[in-house]
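Written below as structure tokens is the structure these notes are about.
The values are calculated or read from the model by the stated rules, or taken from the named source; none is laboratory data. These numbers were taken from a predicted model, which means no experiment stands behind them. Here the Cβ positions follow ideal geometry from the backbone for every residue, glycine too, while neighbour counts run over all protein chains shown. Surface areas here come from the heavy atoms of the whole protein model, side chains and all, with no ligands, DNA or RNA. Shrake-Rupley method; radii C 1.70, N 1.55, O 1.52, S 1.80 Å.
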Amino acid sequence: MPASRPAFRNRGFVLIATAAAAVVILGMLGLCVDLARMYVTKNELQNYADAASIAAANRLDGSATGVNAAVSEATANVNRWWFDTKNVTGVTVDFSTTPTGTFVANPSPATGYRFARVQAQMSVPIYFLPIFAGLSTSRSVNATAVAGQTYLGTLGDGAFPFSPDAHVPNPIANDATGNFGYIKGQLYTMRWDPVGNGSKVGITNSSGHKMAGCTGDMNTAGFIPGADNQGERGYIDLGGSGASFIRDAVVGAVDVTPINVGDPIVNANGNKQAVVSSITERINQDTNTTTASYYTAPAAGVGLEPAARTYYGIDPPGQTPASPPRGNGRRIVTVPVNNPTNNIVAGFANFFLPLDPCQALGGGGNPQPCCAEYIGPASQLPASGGAGQGSGSQGAYRIKLFQ
């Protein structure tokens, strides 16, 4: 019997050590589970903040209406958390004139505010750490992102090979809103009907030839397109003037020559009726071929925002599509806008392609004008084509993440 006492004592030690180790192991397991949950939540909130800040920055246009639209875009973003089962609710959105400047929630006036900051905060339940470390049963997880508009004076690959005429003779001097005299939500002419054939309301080009175009042009008193001969239809030379090159440029399948603010527009003559099919192809490349228009109705005047817009937006790559469906940006095109008095590039603008852009006047003739809906001064989302509008200059903007 005496010889067995050390073994008995050893068995007791092992039991105690095992129990203590089990507590430590369970504690470490709980630590891993809770920290993993916080890590996943952090990534989910960061994805939300990144996408929401990009969406918000894309709506800034130098106006209070643009700020309100930016807040709405950010808070309505489709990114979710808790393994994509819950909406992100703890969100603040504010704005600045620089990516590192002072951010304010309601800038007044909003001129020059091109950067949006989105901060997301959610409370994550903690199950194990409170038992072992005496912590609270939840922890706050935060994510912050800043996105904004960087000015581009040059438009290269991705340029749509048409150049609509500005509606004021000197856009920079005569339209301080940066909208070239255009009304947001109105249809303007990309490709004109052959001059001399269609107009019955008296609109002529600079040579006095009658023209037929889209409603935004035809209904603007005093507007005179700048084309000076009957062969020009609205196509422009971005490195090639043949029909095949222009067809490829419409769908973005060819490298184009960069064009700058202040450059002369080189027109491409001829009918090129076959190009119409490439515009249809471009529309069909969008993931949203159901939304009829970008805005529900045109704005009341130049520099004003329409009362609302239809539910066309751009789904972030890799994210669950919204419902109703959003698009991938293919129906939004960026064009150089020319000063019709001298054929010089005045700036860049974004237009939305209707579902049947070359029959927008309701006619069935061949050929017809091709129309597009004006969105605003040009901006581009990263890796997804055209987007919304810039914040007040006639140049183009690129939306990018800064933080």
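Is it the case that THR92 is open to solvent by 60 Å² or more (accessible area, probe 1.4 Å) and within 25 Å of the chain's Cα centre (by Cα)? Yes, satisfied. Step by step: first the residues of the range 290-307, then only those that are in contact with a strand residue (DSSP E or B) (Cβ under 7 Å, 6 or more places away or on another chain) and part of a loop (DSSP other than H, G, I, E, B), then the one that is surrounded by the most Cβ atoms within 10 Å (Cβ to Cβ). Which residue is that? Here the answer is TYR294. Taking the criterion of being in contact (Cβ under 8 Å) with a residue 60 or more places away in the chain, within 28 Å of ILE183 (Cβ to Cβ) and under 28 Å from the mean Cα position of the chain (by Cα), the residues of the range 211-255 that qualify are GLY213, CYS214, THR215, GLY216, GLY234, TYR235, ILE236, LEU238, ILE246, ALA249, VAL250, GLY252. Taking the conditions (1) assigned to a loop (DSSP other than H, G, I, E, B); (2) of a type in the set (D, E, K, R); (3) open to solvent by less than 20 Å² (accessible area, probe 1.4 Å) in turn, ASP255 satisfies each one other than (3).
Taking the conditions (1) outside any strand (DSSP E or B); (2) modelled with pLDDT of 85 or more in turn, VAL141 satisfies each one other than (1). Within the range 258-278, the residues that satisfy the criterion of being assigned to a loop (DSSP other than H, G, I, E, B) and closer than 30 Å to TYR151 by Cβ are PRO258, VAL261, GLY262, ASP263, ILE265, VAL266.
Does GLY234 satisfy the criteria of being in a loop (DSSP other than H, G, I, E, B) and either out of contact with any His (no Cβ under 6 Å at 6 or more places or on another chain) or at pLDDT 85 or above (or both)? No, not satisfied.
Taking the range 143-162 as the search range and keeping residues that are open to solvent by 10 Å² or more (accessible area, probe 1.4 Å) and not charged (D, E, K, R), which one is farthest from ALA70 (Cα to Cα)?
As a first pass, look at the range 143-162 and keep what is open to solvent by 10 Å² or more (accessible area, probe 1.4 Å): 144, 150-154, 156-158.
Then keep just the ones that are not charged (D, E, K, R); that gives 144, 150-154, 156, 158.
Details: THR144: 16, THR150: 17, TYR151: 19, LEU152: 21, GLY153: 24, THR154: 26, GLY156: 27, GLY158: 25 Å.
So the residue we want is GLY156.
Evaluation of GLY362 against the conditions (1) modelled with pLDDT under 80; (2) within 24 Å of SER63 (Cβ to Cβ) shows that the sole unmet condition is (2). Considering the conditions (1) modelled with pLDDT of 90 or more; (2) surrounded by 14 or more Cβ atoms within 10 Å (Cβ to Cβ); (3) more than 30 Å from ASP263 (Cα to Cα), PHE115 is excluded by exactly one of them, (3). Of all residues in the range 48-84, those being farther than 20 Å from PRO377 by Cα, open to solvent by 20 Å² or more (accessible area, probe 1.4 Å) and not polar (S, T, N, Q) number 7. Determine whether THR98 is of a type in the set (Ser, Thr, Tyr), open to solvent by 80 Å² or more (accessible area, probe 1.4 Å) and either assigned to a loop (DSSP other than H, G, I, E, B) or within 16 Å of PHE402 (Cα to Cα) (or both). It is false that THR98 is of a type in the set (Ser, Thr, Tyr), open to solvent by 80 Å² or more (accessible area, probe 1.4 Å) and either assigned to a loop (DSSP other than H, G, I, E, B) or within 16 Å of PHE402 (Cα to Cα) (or both).
A quick yes/no check of all residues on (1) under 13 Å from ARG330 (Cα atoms); (2) without any contact (Cβ under 8 Å) to a residue 60 or more places away in the chain:
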{"position": "VAL275", "(1), (2)": "no, no"}
{"position": "SER278", "(1), (2)": "yes, yes"}
{"position": "ASN284", "(1), (2)": "yes, yes"}
{"position": "TYR295", "(1), (2)": "no, no"}
{"position": "GLY301", "(1), (2)": "no, no"}
{"position": "TYR311", "(1), (2)": "no, yes"}
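If the condition is being within 24 Å of GLN273 (Cα to Cα) and over 21 Å from the mean Cα position of the chain (by Cα), then the range 327-356 contributes ASN338, PRO340, ASN343, ASP356. The residues of the range 272-289 that are surrounded by fewer than 17 Cβ atoms within 10 Å (Cβ to Cβ) and in contact with a strand residue (DSSP E or B) (Cβ under 7 Å, 6 or more places away or on another chain) amount to a single one, THR287.
The one condition from (1) assigned to a strand (DSSP E or B); (2) touching a Pro at 6+ places or on another chain (Cβ under 6 Å) that GLY178 does not meet is (1).
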